[in-house]
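Beneath this line is the structure, given in structure tokens, with notes to follow.
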């Protein structure tokens, strides 16, 4: 890492690398410091994080609920599966114009973009998780006289947690992609907006600075999900 | 004492046949016209060579799968879909990974709506009885195979089931642990009035625990012989059952009927093993 950055900086200073096209570590650092001092980078990070977090929560809540519901009702499964697969195969960016038209150019459209990109992943993870429940464990519950909703609550939902959490980790990326694409298409603030504007102005160091900020958000989300996983599934750290 | 023939039938399999893969080119007949009855308070064991379909019997009774033909009854009710209200133990302990030992034991009580405090107090008694006190807050992954199966036994017995369906519950355990758990099973069966259908390929286990042993043939599985077991000993003690007069004769007869490809040498080894156990005890 240090070597790459050093070589890059050296290349720029000796003129081997074109700073106009590729920027430089020092230039990127300059924008990070500048953005930190005037607070603009924090503002953009806050905006993007808010969109991502809301989209992440809504998308996962909706996806997990639907995914588990599909286990509960084979009828719902038959009804929804074609739509889910269709939605899953649409590149999310293709929905952006519709989302902007319906939800405006403010927070709502970014959250909706983020939600849409998360929901299918979350749904499939939850449904796979529910189907992974051990039929013998389910049988055990029935042997005790359990009703279907008890089997669902006591076996199916806990069994699917592992899958749901793998889905959550993937969903961090998807939520961020949704929010950033939303900002690309139409916005006045946020990291996606900053990257888009800086890119159009060939302000490469600022693009890099904003990318770093985006990565920081992603890492923070992954960290929180990891903590949540250990908190909610204390038995897992024992077997690993 | 009610005459045996008048006691209520608690578990019944009536003319059940089972074909697997009947939608493929090569359907396999697994069970061929199997019938059996377990009356109230009886301990009946089915032994058979592996692949004879004996585990299928239990899957049918629990409603996991439906028979190709024939009828099954638990407690007088025909089995349609998932059966309810019986004790169920398999080779796999089926402890839920995400619940502590204590809450695995209280699982059935929770299903039946017993208040938490009461359920925990009762679980504590069973955990103590099965030698698991001190482990109540551990997760299953922290316990040995023997301990896990004890917890499964506690989870089963706490519901005081009058019907028990058991499929090789002790097969994966070492010999000592197996004897201890057999004894605990025998005691709790003797204490309550339970009807047991036990599936195993272990002939000694079958003879030491059962009132009756049914021998199944190789696939397609049929009931080929029935043995009423009479041993003059304390039947809750599997070691004394193994030493009782006549035990060896039952074992030898049933072994022969199992038609496992045994050479004369194997039989010699078997006999010397029995002898070794005699010396050990």
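The values are calculated or read from the model by the stated rules, or taken from the named source; none is laboratory data. Please read these numbers as outputs of a predicted model, since none were measured by experiment. Cβ placement follows ideal geometry from the backbone for every residue including glycine, while neighbour counts extend to all protein chains displayed.
Checked against the criteria, residue B:93 counts as within 14 Å of chain A (Cβ to nearest Cβ), under 24 Å from residue B:186 (Cα atoms) and in contact (Cβ under 8 Å) with a residue 12 or more places away in the chain.
Does the range B:187-209 hold any residues that are over 15 Å from residue B:11 (Cα atoms) and part of a loop (DSSP other than H, G, I, E, B), and which are they? Hits for the range B:187-209 are B:192, B:201, B:202. Tell me which residues, restricted to the range A:115-138, are surrounded by 22 or more Cβ atoms within 10 Å (Cβ to Cβ) and either free of Cβ contacts under 8 Å to residues at least 40 places away in the same chain or at the interface with another protein chain (Cβ under 7 Å from one of its Cβ atoms) (or both). Scanning the range A:115-138 gives no hits. Taking first residues from the range A:218-237 that are more than 11 Å from residue A:172 (Cα to Cα) and partners that are in a helix (DSSP H, G or I) and at pLDDT 90 or above, the Cβ contacts under 6 Å between residues at least 6 apart in sequence or on separate chains come to A:229/A:165; A:233/A:161. The condition of being more than 10 Å from every other protein chain (Cβ to nearest Cβ) and under 22 Å from residue A:235 (Cα atoms) holds for only one of B:106, B:100, that being B:106. Only helices (runs of 4 or more DSSP H) whose full extent lies in the range B:67-186 are considered here, and the ones with at least 2 residues that are closer than 24 Å to residue A:132 by Cα are B:101-105, B:107-111, B:145-157. Of the residues screened, residue A:161 is one that is within 25 Å of residue A:217 (Cα to Cα), within 14 Å of chain B (Cβ to nearest Cβ) and either part of a helix (DSSP H, G or I) or modelled with pLDDT of 90 or more (or both).
Criterion first (away from chain B (no Cβ under 12 Å), surrounded by fewer than 22 Cβ atoms within 10 Å (Cβ to Cβ) and within 21 Å of residue A:224 (Cα to Cα)) does residue A:177 satisfy it? Yes, satisfied. Does the range B:80-97 contain any residue that is under 30 Å from residue B:20 (Cα atoms), buried (at least 20 other Cβ atoms within 10 Å of the Cβ) and modelled with pLDDT under 90? Yes, some residue in the range B:80-97 is under 30 Å from residue B:20 (Cα atoms), buried (at least 20 other Cβ atoms within 10 Å of the Cβ) and modelled with pLDDT under 90. Filtering the range A:139-148 to residues that are touching a helix residue (DSSP H, G or I) at 6+ places or on another chain (Cβ under 8 Å) and more than 8 Å from every other protein chain (Cβ to nearest Cβ) leaves only A:148. Scanning the range B:57-78 for residues that are away from chain A (no Cβ under 14 Å) and closer than 15 Å to residue B:165 by Cβ turns up B:57, B:72, B:73. Applying the condition of being part of a loop (DSSP other than H, G, I, E, B) and free of Cβ contacts under 8 Å to residues at least 40 places away in the same chain to the range B:210-237 and asking which residue is nearest to the chain's Cα centre (by Cα) yields B:229. Here residue B:167 passes the criteria (1) in contact with a helix residue (DSSP H, G or I) (Cβ under 7 Å, 6 or more places away or on another chain); (2) within 14 Å of chain A (Cβ to nearest Cβ); (3) under 21 Å from residue A:154 (Cα atoms) except the one numbered (3).
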